[in-house]
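Nothing in this text is a laboratory measurement; each read-out follows from the coordinates by a stated rule. Being a predicted model, the structure only gives us computed values, none of them experimental. Backbone-built Cβ (ideal geometry, glycine too); neighbour counts: all protein chains shown.
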Amino acid sequence: MVIYSFAKVNLFLEIINKRPDNYHNLDTLFERISLCDKITLKPRRDKLIKIYCSDQSVPWDESNLCWQAAKLLQDKFGIAKGLDIKIIKRIPVGAGLGGGSSNAASVLAGLNKLWKLNLSKFKLAKLGAQLGSDVPFFIYAAPFALGQGRGEKICFLNKLDKVKLWHILVVPKIHVSTPRVYKKFDAFSRLTNPASNVKIIISKLAQKNPLFEPGLLFNSLEPVTLKLYPEVKRIKAKLAALGLRNILMSGSGGAVFSVVASGKEAARLTRRLKKEGVPWRVFAVSTV
Ligand code: C5P
């Protein structure tokens, strides 16, 4: 079984407060994007779960979220079969693009079919939330959704079903640690408040008005990551120098994206940055 496992960006991410379990409550607007990994699930004769990944920086052992997703279903439903999981990685790792969570969601959804478990998306999302806060969003396979709680409570935005945005996406060759960013966020004394709120962005999107006025896109974690990882700041400066306006870091970083007018524009900007030989990975992506 072959599954395409998509990445996400957060068009808006506001941290509301810190919780007793050390997670943070947030309001976030997820967008699923066309950048994807390819996952192949193949039954094994024995009960083992084996991971193979094209990217050496991804763990092949029990710490891999795909392994944990398969193990969760195997144990919970007493499945006597094992599995080979092959991951062709294109989504940069440790970049705030949700690659690991998306892969875990793909394995849960794939095994639901392969092992004929007949679990609803709601049930799969509930299981997925045990693996990571972003997993439920990917289970629902929606182009846009609102995430609340620690990001795992999903509100559907059906009125955005036909909206398609284009982005240039730039990813530094560094691995950003999400727990480190959240910890530093807690230590920050001065917090930035958003100039907008998530409802304003949703209503702009519903009007098919993809080029927001500057200041609408927001991420509470951005100032923290820019301080911890100056390379991310350099990417933001470079995109601003290209004349782009809606520039935002995704998740805890370090991927940075901008909303651009068309696919042609995204491709043109991507070509230009690559030609200049910037030391980052550059992609033209769209909502999917
Ligand atoms: O849920 P996930 O495994 O993706 O979270 C990784 C880390 O990010 C958590 O251990 C926590 O430190 C931080 N986090 C948080 N609040 C959230 C989501 C993640 O503090 N809402």
Would you mind ranking Thr192, Thr28, Thr287 by Cβ crowding within 10 Å, fewest neighbours first? Thr192, Thr287, Thr28
Return Val198, Val93, Val256, Val163 ranked ascending by Cβ neighbour count within 10 Å, so the fewest neighbours appear first. Val93, Val163, Val198, Val256
For the stretch 1-61, state which chymotrypsin sites (Phe, Trp or Tyr not before Pro) are in a DSSP loop and have at most 16 other beta carbons lying within 10 Å of their beta carbon. Tyr23, Trp60
Only Lys, Arg, Asp and Glu count, each charged at its Cβ (+1, +1, -1, -1), so figure out the dipole size of the stretch 169-288 about its Cα centre, rounded to 20 debye. 320
The stretch 257-268 - phi-based ³J(HN,Hα) in whole Hz, Karplus 6.51/-1.76/1.60, Gly and Pro as x: 10, 9, 8, 10, 6, 7, x, 4, 5, 4, 5, 4
With a cap of 15 neighbouring Cβ atoms within 10 Å, and only residues DSSP puts in a loop, list the chymotrypsin sites (Phe, Trp or Tyr not before Pro) found in the stretch 162-207. Phe188
When the Cα centres of the stretch 163-236 and the stretch 1-65 are compared, how far apart do they sit, in Å? 20
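Assign unit charges at the C-beta atoms only (+1 for Lys and Arg, -1 for Asp and Glu), then state the dipole size of the stretch 22-163 relative to its Cα centre in Debye, rounded to the nearest 20.
So the magnitude is around 620 debye.
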Total lysine pairs whose alpha carbons fall under 14 Å of each other in the stretch 21-91 (8 or more apart, or interchain): 11
Taking the Cα centre of the stretch 1-76 as the origin and placing charges on Cβ (Lys, Arg +1; Asp, Glu -1), which of Cys66, Met1, Gln56 is farthest toward the positive end of the dipole? Met1
Rounded to 0.05, the calculated FRET efficiency for the beta carbons of Arg180 and Lys121 at R₀ = 25 Å is 0.20
How large is the charge dipole for the chain, taken about the Cα centre, if only the Cβ atoms of Lys, Arg (+1) and Asp, Glu (-1) carry charge, to the nearest 20 debye? 560
Cut-off 10 angstrom, C-alpha nodes, Gaussian network model of the chain. Which of Cys155, Cys36, Cys66 fluctuates the most? Cys155
Label point 7 Å beyond Cα of Ala261 along Cβ direction - residues of the stretch 1-39 with amide nitrogen under 13 Å: none
Taking 0.36 nm per residue of separation between Phe188 and Lys113 and subtracting their Cα-Cα distance, the length gained on full extension comes to 22.5 nm
Arrange the following residues from fewest to most other Cβ atoms within 10 Å of their Cβ: Lys184, Lys47, Lys8. Lys47, Lys184, Lys8
Loop-resident sites, the stretch 79-154, for trypsin sites (Lys or Arg not before Pro), counting at most 15 other Cβ within 10 Å (DSSP): Lys81, Lys116
Rounded to the nearest 500 deg cm²/dmol, what is the calculated helix-only ellipticity per residue at 222 nm for the chain, with -39500 (n - 2.57) per DSSP H run of length n ≥ 4? -10000 deg cm²/dmol
Convex hull of Cα atoms in the chain, direction-averaged projection (nm²): 14.8
Compute the distance in nm between two label points, each set 7 Å from the Cα along the Cα-to-Cβ direction, one at Arg90 and one at Tyr4. 0.8
